[in-house]
Amino acid sequence: MTDTPFPINPEGSALKGVRGQVLTFKADPFLNNESECYDYYEDGMVVIQDGHILAVGPYSDLAPEYPELSDIDTYTDAVIMPGFIDCHVHYVQSPMIGSFGDTLLQWLNQYTFPTEAKFKDKKFADDVAKVFFRQVLEQGTTTANVFSTAFAESVDAFFEESERYNTRMISGKVLMDRNVPDAVKDESAEESILVSEQLLKKWHHRGRQLYAVIPRFAPTSSPKQLELAGQLYQRYIDQGVYMHTHLDEAQNEIDWVSQLFPEESNYTDVYKHYGLVDRRSVMAHCCIVREEEWQTLHDCQCGVAHCPCSNLFLGDGQFKMWEAKQQNRPVRVGMGTDVGGGTNFSIPRNLNEAYKVSMLQMKNINAVKAFYLATRGGAEALHLENTVGSLAPGYEADIAVLSLHPSEFAEWRMKFEDNIFDKLFVLMTLGLNNMNVATYVAGNKVFDRERSEQFKYASEFQKSEYKSSKL
Ligand SMILES: [Zn+2]
């Protein structure tokens, strides 16, 4: 990777270096020889300019190439890796995380909808967005695919906060015009699509923000709303707009869908019928999936968000990783926290749960596969694999730094491991909440666990010359 470093832009901002153990992925270890899927530098460096990565490689190679580079953050006993990618999360459920449980459909009625009704109030939405961003950035997550609510206020609040950090985020208005309480229900299918399109035009590609058309799930949209949502998605898909929804999460949900749409042969076909299954569609959960549905998800290049913490908490079902990754029709899979069904904002802690869900099927996810899923896998699921999710020249400089001794016990435990992947496996399995020590967004250290002001907006840095990448 050091052969073709990006040329320095003489008019650009000063160079920045991040030095330490560096790990990044370049291919899917479920489908390829693992050793060819990553680059690891024991004493490595990431060189950054104007929010993008100029070069990555061994420090000893890069230091002479960039003699003018003096601003270097050095991390010992930590691993520098791409910022984590959360492929499915509801920021608006932050106020109800950890609510005493019930199964999915009851849980939505009891906790979710009453909470989401509060987001008509912009001030409430602003406050929750602020808390949410602090939570995800503290955990090293730099990109997320996010549900808001049916209220435009909640979409604006989310993107406004994202702009302050300059994070690459995906969100949009949630569509639901039936089978939900009146307090969160769209007035009409037509009106809901009109509002969505206005928000799309306001936010899509404004800085790093990206828009998604979001029917909550098939049971809460009328056929008319699904039809109009499909048309909106198809009108803007070439401009990179997403479709984000839930699919095949729990058996009683699947049964309900087949009652509501008896003419379709499976749940995926319901979405497909309305033009919602395509190359920028991201489906959350996919725990109980028929073979013909996997085939459709593969053929249409959809992304799937594996949300093990949430699936266990709600007792939904077990995601079948090895079905999804079948060699002859692999599906793009990333990790999702699915807060508030999920019980924490940390992607590494969700890897811990993914391992256990896999072990129930007598398959084990090692640290190579796990941290691929957390970074590049997520970028592939979101079709952003040429933009974020890897540390390589030209990528946006979004970085997480995981401490290998986040506690006295962890430090002692690590003494018994030599290999970096064995250490990372212990780290994800211990699942401590403070393992991420620093988060860089477009080259700015927006979170630093050691700094007196832990969080900083992009505007608080001396020069923010970030220019949005072409996607
Ligand atoms: Zn969800």
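The values are calculated or read from the model by the stated rules, or taken from the named source; none is laboratory data. Computed from a predicted model, the values in this text were never measured in an experiment. Counting neighbours? That spans all protein chains shown, and the Cβs are built from the backbone with ideal geometry, glycine included.
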Residues satisfying the stated conditions in the stretch 338-375, i.e. of a type outside the set (A, V, I, L, M), surrounded by 21 or more Cβ atoms within 10 Å (Cβ to Cβ) and within 16 Å of the ligand (Cβ to nearest atom): Asp338, Gly340, Gly341, Gly342, Phe345, Asn350, Glu353
Spans of helices (runs of 4 or more DSSP H) in the stretch 356-471 with at least 1 residues over 21 Å from the mean Cα position of the chain (by Cα): 408-414, 420-430
Yes/no for Leu228 being in contact with a helix residue (DSSP H, G or I) (Cβ under 6 Å, 6 or more places away or on another chain), closer than 24 Å to Ala150 by Cβ and away from the ligand (no atom under 16 Å from the Cβ): yes
Which numbered condition Glu190 fails, given (1) within 27 Å of Leu384 (Cβ to Cβ); (2) assigned to a helix (DSSP H, G or I): (1)
Out of Ser196, Ser162, sole residue that is hydroxyl-bearing (Ser, Thr, Tyr) and in contact (Cβ under 8 Å) with a residue 40 or more places away in the chain: Ser162
Among residues of the stretch 24-58, those that are in a loop (DSSP other than H, G, I, E, B) and among the charged types (D, E, K, R), counted: 3
Scan of the stretch 347-391 for residues that are free of Cβ contacts under 8 Å to residues at least 12 places away in the same chain and over 18 Å from Val331 (Cα atoms), ordered by number: Met359, Met362, Asn364
Identity of the residue in the stretch 231-250, away from the ligand (no atom under 14 Å from the Cβ) and touching a residue at least 60 places away in the same chain (Cβ under 8 Å), that ends up farthest from Ile170 (Cα to Cα): Gly240
Tally of residues being under 19 Å from Gly275 (Cβ atoms) and aliphatic (A, V, I, L, M) across the stretch 183-222: 8
Hey, Pro5 modelled with pLDDT under 95 and either surrounded by 15 or more Cβ atoms within 10 Å (Cβ to Cβ) or not in a loop (DSSP other than H, G, I, E, B) (or both) or not: yes
Pairs where the first residue, in the stretch 282-302, is more than 22 Å from Val213 (Cα to Cα) and touching a residue at least 12 places away in the same chain (Cβ under 8 Å) and the second is within 16 Å of the ligand (Cβ to nearest atom) and β-branched (Val, Ile, Thr), C-beta under 9 Å, 6+ apart: Ile288/Ile254; Val289/Val304
Qualifying residues in the stretch 281-316 (those that are crowded, with 20+ Cβ neighbours inside 10 Å and acidic (Asp, Glu)) - the one farthest from the ligand (Cβ to nearest atom): Glu293
Residue in the stretch 258-271 that is within 12 Å of Leu175 (Cβ to Cβ) and either crowded, with 20+ Cβ neighbours inside 10 Å or without any contact (Cβ under 8 Å) to a residue 24 or more places away in the chain (or both) present: no
Of all residues making up the stretch 317-337, the number that are out of contact with any strand residue (DSSP E or B) (no Cβ under 7 Å at 6 or more places or on another chain) and within 16 Å of the ligand (Cβ to nearest atom): 1
